[in-house]
Amino acid sequence: MRLLDAWKPASGGPLNIYVHIPFCTQRCSFCNLFLIPVNAEASQDFIGAYVNRLTDDIAFAATAVAPTAVTSVYFGGGTPSMLSLSLMESIFGALRTAFPTWQDAEPCVECGPETIDKSYLQGLRSFGVERISIGVQSLRPAALRHMARRYTADDVERIIADTQDLKMEINADLIYGLPETTTDDFLEDLLRLIELGVDNVSIYPLAVREKTRYQNLPSAHLRKYEMWRLADQVLAARDFVRETYVRYRRKASKTTYRQQKLEFAGVPTLGLGSGARSYAPRLDYAQEYVVSGRASKGIIADYIGSTPDTRTYVGFRFSDGEIARRAVILGLLAGGVNLPRLRADTSSEIWEEFSSAFDELQGNELIDSCGETVFLTTRGRQYSDIAVSRFESLEVLSSRSEFHVR
């Protein structure tokens, strides 16, 4: 399938844009994302060549899809804030030219606490960025050392204060279940971030993944479910609204991580850059996903030397049945599924399977209903990974079990 054909159904509708910057100061102990550790000064030419190719790709993307509105723009990585402000300005300029409707898209940039200061934030602000996200993960010195993170709790507090001075909003990520931390440590860190005034908090369980320094750790499933329940109670008691199964918004906050919320609502996401994943209406795709630094650098070099219509991608094409499964899974994670609408869009065979799954989940008190909508209960949100897996197809389960990164 040609990429241009994959995006034709998205023209005339809303669109998310995700920009991947695959560079970091180091690879953390838990990380298996697509990136390479680099020294920004020593790698200026390579990073500059990457940004040049990325801006060309942005121009090409405008020929593939013509959205009525770009509803979100998110920079992830890697660590996007490793780029100089002049390189960031080039990317934002390309986005403005290619997608004139992006201005109301709430652009958000992931930042490493050790890579930014107030002047950098002022630069982002001048490009229209009113929101950043920082991967705090923990405020504990022992945990930060164990993860190979190169900042301190003081750095995090400084960045939060700077964003507030600049009238920017900020999301902070925390990981629960980390080595060198207890449940009380995690909850104290969460309370500290709330006290500091972050607008959004995202809480993630430690994922024990292959090809990471944590790959041989035991997977403490029971502990993670209990930690999520306690964190959910802490956040609710302090006027945070749960928006997805990981993300919480302060009630007084004017904004949120819009891209994830819109993806869960079915808005397609165009991924730009080496390592970016794209979610077209019927096709999810990306370049080959690897963790090995040498292999990753080779893929990035291939990206720099190619164009979108000449690259090799890997992906998953959605049948009508898989689209229905995706709608149920994302709907439950986002807040609820309208049953009459789902029934109208689903074949009789798959509807019978869904009905059986709904009955089973309701019997286990993982879902409930209100009128024509089914939704995860508090218990269901606690065990959301188990609940939504009930709707995955054998093909997806088989593909996941056979997949191994290199």
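List of remarks:
- Candidates Ile134, Ile116, Asn16 compared by Cα position along the dipole of the chain: farthest toward the positive end lies Ile116, with charges placed on Cβ.
- Between Glu114 and Thr373, the simple spin-label model (points 7 angstrom out along Cα→Cβ) gives 4.4 nm.
- For the pair the stretch 3-18 and the stretch 49-76, the centres of their Cα atoms are 11 angstrom apart.
- Bins of 20 Å, starting at 0 and running to the largest distance - Cα pair percent for the chain: 25, 61, 14, 0
- Put simply, the C-alpha atoms of the stretch 187-331 give a gyration tensor, and the ellipsoid matching it has half-axes of 33, 21, 17 Å, longest first.
- Within-11-Å neighbourhood charge of Gly335 [Cβ basis; K, R +1; D, E -1]: +2
- Cα-only radius of gyration and Dmax that characterise the stretch 64-115, units Å: 12.1, 38
- D by Stokes-Einstein for the stretch 1-127, Kirkwood Rh over Cα pairs, 25 °C, 0.890 mPa s: 158 µm²/s.
- All alpha carbon pair distances within the stretch 320-402 were sorted into 5 Å bins beginning at 0; the resulting P(r) in whole percents reads 3, 15, 27, 27, 17, 8, 2, 0, 0.
- Between the stretch 144-172 and the stretch 242-304, the alpha-carbon center distance in angstrom: 22 Å
- The shape of the stretch 259-401 can be summarised by an equivalent ellipsoid whose semi-axes, obtained from the alpha carbon gyration tensor, come to 34, 16, 14 Å from longest to shortest.
- Size of the stretch 115-221 as Cα extents on the principal axes (Å, biggest first): 45, 29, 21
- With distances taken between every two different alpha-carbon atoms, the stretch 3-77 has a Kirkwood hydrodynamic radius of 14.4 Å.
- The lysine pair count for the chain, using Cα distances under 28 Å and pairs eight or more places apart or on different chains, is 12.
- Neighbour counting of Cβ atoms within 10 Å sorts the residues Ile132, Ile367, Ile304, fewest neighbours leading, into Ile304, Ile367, Ile132.
Every read-out reported here was derived from the displayed coordinates using simple, explicitly stated rules and does not represent laboratory data. Everything numeric here is computed off the predicted structure, so don't read it as measured data. Here Cβ is always computed from backbone atoms with ideal geometry, including for glycine, and neighbour counts include all displayed protein chains.
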